[in-house]
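Chemist: Can you read through this structure? Questions will come right after.
The values are calculated or read from the model by the stated rules, or taken from the named source; none is laboratory data. Just so we're clear, the structure is a prediction, and the values are computed from it rather than from any experiment. Backbone-built Cβ (ideal geometry, glycine too); neighbour counts: all protein chains shown.
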Amino acid sequence: MFIDTHTHLFSSSFDQDIDEVIHRAIKSGVELFLLPNIDLDSIPLMHNLESKYPNNCFAMMGLHPCSIDEKWEQNLKVIKENLFSREYIAIGEIGVDLYWDKKYREEQIEAFKVQVEWAKKLEKPIVIHARESLREIFNVLDVMDDDKLSGVFHCFSGTLEDAIKINSYNNFKLGIGGVVTYKNSNLDSIIENISLDELILETDSPYLSPKPYRGKRNESSYLLHIAEKLADIYNLPLSEIERTTTKTARQLFKLPNI
């Protein structure tokens, strides 16, 4: 089976047809869905979907950097209450985003550090959102990385040097999504220099649809197009992409064998 390691299936984009979307993905061979939290409002939506599909959907807990505002400390307390009240597969989606707004740059960095500390205490992987902020993320990890920390750089779109830097940390992987299928991304020429077992697959649905669905709503069944692109890049059968990326995802997130 394939694992979609990053999908927002609890988004309102799927309100009208979530059952069809999930069944379509399962039919295509994508059977597990990892759900990254965004803010306080997304928590009950995510929990409800996980409860409806307990063998397929697995929730994370974290505060997205774009959700950092003047109430960030208050909101982080709620995130912490949830995180330490039950099991989650990861702390995410966390990180720094300087693309949309730099107003809360320092607060984003501080919130990231706090959540990294929680991850180390719980020995859970972190799912990092890094948009125009790899330098800030690296500065934190250079100090905080140790044998208790692991995770993934979600939607990796950096340089080869960035990929090598990420691989130099204790146990961090690259999340590869629809961007790799874009002709002008140049991501294929970068990851061909990275071992396949350093990658995991994701859709980030409903965003970043791969070709041929670019510009339309993304969904987890489209993960196959990303996997097929990797098969072309590595000149391997699709079954090997499936086996390797699924094994890596299971190990990183300590997923059950279902």
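Chemist: Looking at region 109-167, which of the residues that are aromatic (F, W, Y) and surrounded by fewer than 21 Cβ atoms within 10 Å (Cβ to Cβ) is farthest from L63 (Cα to Cα)?
Modeler: Here is the first cut: in region 109-167, the residues aromatic (F, W, Y) are 112, 118, 138, 153, 156.
Adding the requirement that they be surrounded by fewer than 21 Cβ atoms within 10 Å (Cβ to Cβ) leaves 118, 138.
Numbers: W118: 12, F138: 19 Å.
Across region 109-167, the extreme among qualifying residues is F138.
Chemist: How about region 79-114: which of its residues are out of contact with any strand residue (DSSP E or B) (no Cβ under 8 Å at 6 or more places or on another chain), of a type in the set (D, E) and closer than 21 Å to E132 by Cα?
Modeler: Selection gives D101, E106, E107, E110.
Chemist: Could you list all residues from region 208-258 that are under 18 Å from the mean Cα position of the chain (by Cα) and charged (D, E, K, R)?
Modeler: Selection gives R217, E219, E242, K247, R250, K254.
Chemist: If you scan region 49-65, which residues turn out to be of a type outside the set (A, V, I, L, M) and either touching a Phe, Trp or Tyr at 6+ places or on another chain (Cβ under 6 Å) or within 14 Å of L255 (Cβ to Cβ) (or both)? Can you show your working first?
Modeler: Step one: list which residues in region 49-65 are of a type outside the set (A, V, I, L, M), which gives 50-58, 62, 64-65.
Result: E50, P54, N55, N56, C57, F58.
Chemist: Looking only at region 183-201, decide whether some residue is under 18 Å from G92 (Cβ atoms), among the basic types (K, R) and surrounded by fewer than 19 Cβ atoms within 10 Å (Cβ to Cβ). Don't jump to the end; show me each part of the working.
Modeler: As a first pass, look at region 183-201 and keep what is under 18 Å from G92 (Cβ atoms): 199-201.
Those left that are additionally among the basic types (K, R): none.
Checked region 183-201: no residue is under 18 Å from G92 (Cβ atoms), among the basic types (K, R) and surrounded by fewer than 19 Cβ atoms within 10 Å (Cβ to Cβ).
Chemist: From the list N167, N184, N193, pick out the single residue that is more than 15 Å from the chain's Cα centre (by Cα) and in a helix (DSSP H, G or I).
Modeler: Going through N167, N184, N193 in turn, just one is more than 15 Å from the chain's Cα centre (by Cα) and in a helix (DSSP H, G or I): N167.
Chemist: Now a separate question. For the subset of region 18-65 comprising residues that are acidic (D, E) and under 18 Å from the mean Cα position of the chain (by Cα), which member is farthest from I3 (Cα to Cα)?
Modeler: Residues of region 18-65 that are acidic (D, E), as a first pass: 19-20, 31, 39, 41, 50.
After this cut, where a residue has to be under 18 Å from the mean Cα position of the chain (by Cα) as well, the list is 31, 39, 50.
Working: E31: 6, D39: 24, E50: 15 Å.
Applying the filter and picking the extreme gives D39.
Chemist: Any chance region 177-194 includes a residue that's of a type in the set (A, V, I, L, M, F, W, C) and closer than 24 Å to H23 by Cα? Steps first, answer last, please.
Modeler: Pass one, region 177-194, residues of a type in the set (A, V, I, L, M, F, W, C): 179-180, 187, 190-191, 194.
Checking the rest, the ones that are also closer than 24 Å to H23 by Cα come to none.
No, because not a single residue in region 177-194 is of a type in the set (A, V, I, L, M, F, W, C) and closer than 24 Å to H23 by Cα.
Chemist: Closer than 14 Å to D4 by Cβ, surrounded by fewer than 19 Cβ atoms within 10 Å (Cβ to Cβ) and either of a type outside the set (V, I, T) or in contact with a strand residue (DSSP E or B) (Cβ under 8 Å, 6 or more places away or on another chain) (or both): which single residue out of Y234, Y207, Y222 fits that description? Reasoning before the result, please.
Modeler: Details: Y234 fails: closer than 14 Å to D4 by Cβ; Y222 fails: surrounded by fewer than 19 Cβ atoms within 10 Å (Cβ to Cβ).
After ruling out the rest, the residue left standing is Y207.
Chemist: When residues of region 1-17 are filtered for being at pLDDT 95 or above, farther than 18 Å from L208 by Cα and either part of a loop (DSSP other than H, G, I, E, B) or over 16 Å from the mean Cα position of the chain (by Cα) (or both), how many remain?
Modeler: Selection size over region 1-17: 3.
Chemist: Something else about it: Quick check on region 208-216. Is at least one of its residues within 20 Å of E93 (Cα to Cα), modelled with pLDDT of 95 or more and either in a loop (DSSP other than H, G, I, E, B) or not β-branched (V, I, T) (or both)? Explain how you work it out, then say what you get.
Modeler: Applying the first criterion (within 20 Å of E93 (Cα to Cα)) to region 208-216 yields 208-209.
After this cut, where a residue has to be modelled with pLDDT of 95 or more as well, the list is 208-209.
Those still in the list that are either in a loop (DSSP other than H, G, I, E, B) or not β-branched (V, I, T) (or both) too: 208-209.
So far as region 208-216 goes, yes, one or more of its residues are within 20 Å of E93 (Cα to Cα), modelled with pLDDT of 95 or more and either in a loop (DSSP other than H, G, I, E, B) or not β-branched (V, I, T) (or both).
Chemist: Listed residues L122, L76, L160; which is aliphatic (A, V, I, L, M) and touching a strand residue (DSSP E or B) at 6+ places or on another chain (Cβ under 9 Å)? Even if it seems obvious, please write down each step before you answer.
Modeler: Numbers: L76 fails: touching a strand residue (DSSP E or B) at 6+ places or on another chain (Cβ under 9 Å); L160 fails: touching a strand residue (DSSP E or B) at 6+ places or on another chain (Cβ under 9 Å).
It is L122.
Chemist: Considering only residues that are in contact with a helix residue (DSSP H, G or I) (Cβ under 8 Å, 6 or more places away or on another chain), under 18 Å from S221 (Cα atoms) and not hydrophobic (A, V, I, L, M, F, W, C), which ones fall in region 12-50?
Modeler: Residues satisfying the conditions are R24, K27, S28, G29, E31.
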